Ligand code: ACM
């Protein structure tokens, strides 16, 4: 009997994973749904396509998403759909059914089912948000042949693994206008992300209009901030996409901008506070020993909090080194009086006061993981960003969940570190940690973080996308959906879908290159961007001192992106060639060498300026190396002299050029070793 049961169980799982793998070869859904089966149907997309919304109330959310769905579908297919708005006719070709309007909380249901038959498409959901998640899936199922466009026939049952699937955008270091935020919200919704964490204040700017404290926009910004009307507009826009907005006001550290406006709240007497122009961790800190600080924050939060209907309110709390606290005698006395032994204890005292203020405003305090101390009330939400800390047995995420806190993970999803998509995709928020049901429930989910020290509206999309689409899959899909090659295949399609939504990650490369070359032919430069990546993990801006907020971010490194396409393809081709020296594998490598040899001829035709001239050694050394290796590949041998020459060239090419690295050098070395006698 046991054997029969195990055969059935094995058979069942075998079937599920088999069908999943098979279908993810065929379809390019991202995030991959929880359950999907293929039917032998196809739904033809023609001008007669209509949508009927069968909801409890006519909701703005489903209505708007349906209208956008029709526009996006028409744009994608070129079909002149007759009915550009949802119809009242119950016999419509697409029927959307849902029971209730979501109030957008961490408890809200986002599940849906989608069924595509020859003549009818049905989306069923508990809430309107579930319904719009289903519409996004449907758009990813558009396919075509010579005769026309159609939806693939499938049946899907889907729901998220985590209730909190976020993207944080820092608008303090570099302000991002409303249009940038809105296009990124559209992109977030397209991959089913549901939390926009808006990092609104930092040393470099306070980006929200305050009518009570007008110096916050007069002094604490460079004139770039959101009016309260703009904030309401963005929050409404996000809500219509089923996205919650969690604001962050970073205190008591990261407070240079606030203190430039209101120095009397600072911890160091006589200090010349000013809005910070560099990146890094700075000393200006609010004074936790003064009642006026709490009065200021209570008044400010009372004014600002109602703009954000979400229950969660992020107070930052990160990277306060307490240097100015140590230098202030009154603060030292305050610590003694309140039995606060360390600055950490003092910050917890400050946080507890804030927690009470926020509670009165109906808000739950959230903060970066520095706020996790023994006396922090478990009503606080811990945002884990530093991973495993000294003295802790496990990451702050797990530690916090085990101690009774709700918690969200960002460690592993710092997309501003410009690392590869697979690096982030392979980070599972929970991994193999064994948790009780309650502990698991307290792990709300995770967020990718887009810190903006090195990005402007011109480049931010290329630092967020397409990698965040793969991260969104990690947050939504089953943990077992983890085949990197398959993800890469699907991401290649999704990256163009993001472009359809107005995301500029692909097209702005050309814009920057035209600027670099002063409007000359950009082909040679573009070829170089396809094998170079910006320096990673903050090494582009060591110590935060090379780039100021107003430095140019229109350089070669800004045109380059993580996951450089040709580099990925070349590195793969080297691995294939070394495993099997077939003619076909050899031809692939030779095609790359020819590309780089010819590219240098094109490069030489550019009338150089200092921005392009720095790239000359990269272009010429690469061409020289390519011609030697090409000859070596064809003849099957390399003289000792040429071997040494190539090694020397690789060593030169390994050094950063124009804040980028050539990401094919380690594979070039592997190829070279192949010739070692
Ligand atoms: C952080 O990255 N300082 C939260």
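Across region 436-446, the qualifying residues are those that are more than 25 Å from residue 465 (Cβ to Cβ) and touching a residue at least 24 places away in the same chain (Cβ under 8 Å), and the one among them that is nearest to the ligand (Cβ to nearest atom) is 443. Go through region 278-293 and give me each residue that's touching a strand residue (DSSP E or B) at 6+ places or on another chain (Cβ under 7 Å) and surrounded by fewer than 21 Cβ atoms within 10 Å (Cβ to Cβ). Scanning region 278-293 gives no hits.
The helices (runs of 4 or more DSSP H) located wholly in region 560-644 that include 3 or more residues which are within 32 Å of the chain's Cα centre (by Cα) and without any contact (Cβ under 8 Å) to a residue 60 or more places away in the chain occupy 565-579.
Number of residues in region 539-562 that are in contact with a helix residue (DSSP H, G or I) (Cβ under 7 Å, 6 or more places away or on another chain) and either surrounded by fewer than 20 Cβ atoms within 10 Å (Cβ to Cβ) or closer than 14 Å to residue 455 by Cβ (or both): the value is 10.
I'm trying to understand the selection: among the residues of region 219-233, which are surrounded by 20 or more Cβ atoms within 10 Å (Cβ to Cβ) and part of a helix (DSSP H, G or I)? The one that is surrounded by 20 or more Cβ atoms within 10 Å (Cβ to Cβ) and part of a helix (DSSP H, G or I): 231.
Residues that are assigned to a loop (DSSP other than H, G, I, E, B) and free of Cβ contacts under 8 Å to residues at least 60 places away in the same chain within region 200-218 comprise 200, 207, 209, 214, listed in sequence order.
Give the residues of region 211-224 that are closer than 24 Å to residue 283 by Cβ and either modelled with pLDDT of 95 or more or touching a helix residue (DSSP H, G or I) at 6+ places or on another chain (Cβ under 9 Å) (or both), sorted by residue number. The answer is 213, 215, 216, 217, 218, 219, 220, 221. Scoring residue 345 on the criteria (1) closer than 18 Å to residue 401 by Cβ; (2) away from the ligand (no atom under 16 Å from the Cβ) leaves a single failure, condition (1). Residue 319 meets all of the listed conditions (1) at pLDDT 95 or above; (2) more than 16 Å from the ligand (Cβ to nearest atom); (3) surrounded by fewer than 18 Cβ atoms within 10 Å (Cβ to Cβ) but one, namely (2).
Can you tell me which of 141, 114 is under 24 Å from the mean Cα position of the chain (by Cα) and touching a residue at least 40 places away in the same chain (Cβ under 8 Å)?
Values: 114 fails: under 24 Å from the mean Cα position of the chain (by Cα).
That would be 141, the only listed residue that is under 24 Å from the mean Cα position of the chain (by Cα) and touching a residue at least 40 places away in the same chain (Cβ under 8 Å).
Residues that are within 32 Å of the chain's Cα centre (by Cα) and closer than 21 Å to residue 144 by Cα number at least 2 in the following strands (runs of 3 or more DSSP E) confined to region 31-103: 35-44. Might you let me know whether region 270-281 holds any residue that is more than 25 Å from residue 551 (Cβ to Cβ) and within 16 Å of the ligand (Cβ to nearest atom)? Within region 270-281, none of the residues are more than 25 Å from residue 551 (Cβ to Cβ) and within 16 Å of the ligand (Cβ to nearest atom). Taken over region 415-426, the criterion of being surrounded by fewer than 19 Cβ atoms within 10 Å (Cβ to Cβ), closer than 26 Å to residue 248 by Cβ and away from the ligand (no atom under 16 Å from the Cβ) is satisfied by 423 alone.
Of all residues in region 35-64, those that are free of Cβ contacts under 8 Å to residues at least 40 places away in the same chain have Cβ atoms under 8 Å from Cβ atoms of residues that are part of a strand (DSSP E or B) and surrounded by 15 or more Cβ atoms within 10 Å (Cβ to Cβ), 6 or more apart or on another chain, in 63/53. When every residue of region 294-308 is checked against the conditions, at least one turns out to be crowded, with 18+ Cβ neighbours inside 10 Å, away from the ligand (no atom under 16 Å from the Cβ), in a loop (DSSP other than H, G, I, E, B) and modelled with pLDDT of 95 or more. Report yes if some residue within region 11-28 is under 30 Å from residue 238 (Cβ atoms) and either at pLDDT 95 or above or in a loop (DSSP other than H, G, I, E, B) (or both); otherwise report no. There is at least one residue in region 11-28 that is under 30 Å from residue 238 (Cβ atoms) and either at pLDDT 95 or above or in a loop (DSSP other than H, G, I, E, B) (or both).
For region 127-138, check the following and say yes or no: at least one residue is assigned to a strand (DSSP E or B) and either surrounded by 19 or more Cβ atoms within 10 Å (Cβ to Cβ) or at pLDDT below 95 (or both). Scanning region 127-138 turns up at least one residue that is assigned to a strand (DSSP E or B) and either surrounded by 19 or more Cβ atoms within 10 Å (Cβ to Cβ) or at pLDDT below 95 (or both). Does region 516-529 include one or more residues that are within 22 Å of the chain's Cα centre (by Cα) and in contact (Cβ under 8 Å) with a residue 24 or more places away in the chain? Within region 516-529, one or more residues are within 22 Å of the chain's Cα centre (by Cα) and in contact (Cβ under 8 Å) with a residue 24 or more places away in the chain. Considering only region 475-490, I want to know if a residue exists there that is in contact with a strand residue (DSSP E or B) (Cβ under 7 Å, 6 or more places away or on another chain) and over 30 Å from residue 613 (Cβ atoms). Yes, region 475-490 contains a residue that is in contact with a strand residue (DSSP E or B) (Cβ under 7 Å, 6 or more places away or on another chain) and over 30 Å from residue 613 (Cβ atoms).
You will find that of 388, 360, 335, the residue that is over 24 Å from residue 202 (Cβ atoms) and loosely packed, with under 14 Cβ neighbours inside 10 Å is 360 and no other.
Annotation note: of 433, 459, 449, 495, the sole residue that is in contact with a helix residue (DSSP H, G or I) (Cβ under 8 Å, 6 or more places away or on another chain), within 18 Å of residue 182 (Cβ to Cβ) and either touching a residue at least 24 places away in the same chain (Cβ under 8 Å) or away from the ligand (no atom under 16 Å from the Cβ) (or both) is 459.
Residues in region 243-261 include at least one that is away from the ligand (no atom under 16 Å from the Cβ), touching a residue at least 40 places away in the same chain (Cβ under 8 Å), closer than 30 Å to residue 67 by Cα and not in a strand (DSSP E or B). Where residues in region 361-414 are in contact with a helix residue (DSSP H, G or I) (Cβ under 8 Å, 6 or more places away or on another chain) and free of Cβ contacts under 8 Å to residues at least 24 places away in the same chain, which of them is nearest to the ligand (Cβ to nearest atom)? So, considering only residues that are in contact with a helix residue (DSSP H, G or I) (Cβ under 8 Å, 6 or more places away or on another chain) and free of Cβ contacts under 8 Å to residues at least 24 places away in the same chain, the one nearest to the ligand (Cβ to nearest atom) is 389.
The values are calculated or read from the model by the stated rules, or taken from the named source; none is laboratory data. In this text the structure is predicted, and so the values were computed from the model without any measurement. Ideal geometry is used to build each Cβ from the backbone, glycine not excepted, and the neighbour counts take in all protein chains shown.
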